[in-house]
Amino acid sequence: MLYNSTIMIQEQLTRFQKLFKAIKELNNSGDSDSYLQSILSHAVDLTETETASILAYNPATRDLRFVVVPWFHRDALKGEKVPLEGSAAGKVIRENKPLILSDTRHNKSHFDESDRLSNFQTQSLVAVPIILHGQTVGVLEVLNKNNNADYTEDDVTILEMLASLAALAMQNRTAENPSTDSADRAELDRLKSDFIAITSHELRTPLGLIIGHSTFLREIVTSEFHEQLDTIIRNASRLKEIIESLSNVDNIQAGAARIRQGEFSIQSIIEDVASSFAGLANEKNVSFKLQLPASDLRIEADQAKINVALSNIIKNAVMFSNPGGEIDINAKSIPGFVEVSIADYGLGIPEKDLPYVFDRFYQVEGHLTRKHGGMGLGLSVAKSMIEIHGGTISVASIEGKGSKFTFTLPTQVKQPVSPQSAFLPEE
């Protein structure tokens with residue numbers, strides 16, 4: 001029973017990890033076609049299903065057509081019309097609500113002509129409406145749950161999230177008026193943010209339970225399970241950190257974050273944070289060189305948030321330094337501000353990536369992502385933490401030679417503001 005509980009926890013955690021991977025990849029997708037193809041791939045993966053498709057509804061002809069299908073069905077289903085009557089997708093369009101078919105073999109809602117054309121046997125399916133501006137414009141469906149399992153309401157929820165992201169991409173795919181692109185992109189960004197906020201909220205409680213139960217199990221089980229439980233605790237804790245980072249950025253952008261102002265020494269924060277990364281730096285044979293003024297540089301700000309910003313920048317510098325390298329951390333006073341810079345002499349950032357390094361989920365070059373990991377949130381969080389105090393942050397970098405991040409903070413912040421709206425002082 002203990003073994004089965006551990007496996008169930010691991011399976012749930014794996015699904016959460018896949019969901020966050022989907023968030024990151026969808027946020028960085030390019031054109032509409034590749035974006036929709038990514039949605040399809042994640043729908044298959046997250047619902048543990050065999051295949052999927054996206055159909056667009058044409059109100060003039062009152063039918064649907066396949067717009068995105070797996071490559072192995074593309075030729076067979078290209079241009080295929082699916083009627084409103086006698087099809088699962090048509091039923092979703094007519095009733096404007098999700099549909100689960102556990103057994104399609106004798107169900108009149110299943111349109112088996114598509115099976116015949118693609119030489120595929122549908123056994124079960126889930127279909128959800130794709131809704132744009134209150135109108136159902138298409139259907140996202142997944143077919144054949146793995147291992148003949150039944151689809152669940154969790155599968156429906158995941159597909160509805162993905163369908164909301166597919167809506168504007170479908171419109172952009174067929175849009176003839178370029179003037180609508182800006183508004184559509186803004187709406188798509190809003191949908192992405194909503195998707196992230198909902199997902200983060202829904203995952204916070206189960207992740208807390210996973211960490212709690214796994215920690216408890218580790219204390220009472222024999223050592224043979226310790227390694228597996230340690231992996232679960234470590235990965236769940238990492239996902240919890242990601243959720244907190246997402247919440248920090250979203251709260252700041254919405255003007256809903258709070259700060260606790262207090263006076264403190266910027267030198268002390270720098271020394272404490274650098275010390276906290278001494279172990280990681282030693283593993284890479286990287287050293288810190290601190291150049292701090294003798295006189296105390298004191299500022300009024302939220303110490304915890306400045307700590308987070310500095311930690312994320314220094315961690316980034318350590319991760320992308322070459323073995324045996326050095327990280328220079330400098331602080332100085334300028335009229336009304338303190339200026340802090342963190343310079344490494346490592347991999348550097350390609351010029352084409354510099355404008356995007358502070359974007360949420362952005363990561364430089366795929367091969368670096370695979371080598372160093374991460375979700376591309378650290379610098380985005382750092383930027384938000386600095387800017388809500390009325391500060392600024394910038395980066396200068398040369399590929400192959402290193403990077404230098406510099407931020408300024410006012411010594412006194414009388415009325416902190418977020419990038420978009422008023423910031424709420426802590427009462």
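I'm trying to understand the selection: among the residues of segment 318-335, which are in contact with a strand residue (DSSP E or B) (Cβ under 6 Å, 6 or more places away or on another chain) and either under 19 Å from residue 266 (Cα atoms) or among the β-branched types (Val, Ile, Thr) (or both)? Walk me through it before giving the result.
From segment 318-335, those in contact with a strand residue (DSSP E or B) (Cβ under 6 Å, 6 or more places away or on another chain) are 321, 326-332; that's our starting set.
327, 328, 329, 330, 331, 332 - these are the residues of segment 318-335 that are in contact with a strand residue (DSSP E or B) (Cβ under 6 Å, 6 or more places away or on another chain) and either under 19 Å from residue 266 (Cα atoms) or among the β-branched types (Val, Ile, Thr) (or both).
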Exercise. Under the condition of being of a type in the set (Asp, Glu) and open to solvent by 40 Å² or more (accessible area, probe 1.4 Å), which residue from segment 329-362 is modelled with the lowest pLDDT?
Worked result: 359
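I'm trying to understand the selection: among the residues of segment 280-323, which are small (Gly, Ala, Ser) and part of a strand (DSSP E or B)?
We begin by selecting, within segment 280-323, every residue small (Gly, Ala, Ser); these are 281, 287, 294-295, 301, 304, 309, 311, 317, 321.
287, 301, listed by residue number.
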For this session: Consider only pairs whose beta carbons are under 6 Å apart and that are at least six residues apart or on different chains; among these, list those whose first residue lies in segment 33-45 and is of a type in the set (Ser, Thr, Tyr) and whose second residue is open to solvent by 20 Å² or more (accessible area, probe 1.4 Å).
Result: 35/29; 38/25; 38/29
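The values are calculated or read from the model by the stated rules, or taken from the named source; none is laboratory data. Bear in mind that the values here come from a model prediction, so they are computed numbers and not experimental data. Virtual Cβ from ideal backbone geometry, glycine too; neighbours counted across all protein chains shown. Just so you know, the surface numbers come from the protein's heavy atoms only, side chains and all, with ligands and any DNA or RNA stripped out. Shrake-Rupley method; radii C 1.70, N 1.55, O 1.52, S 1.80 Å.
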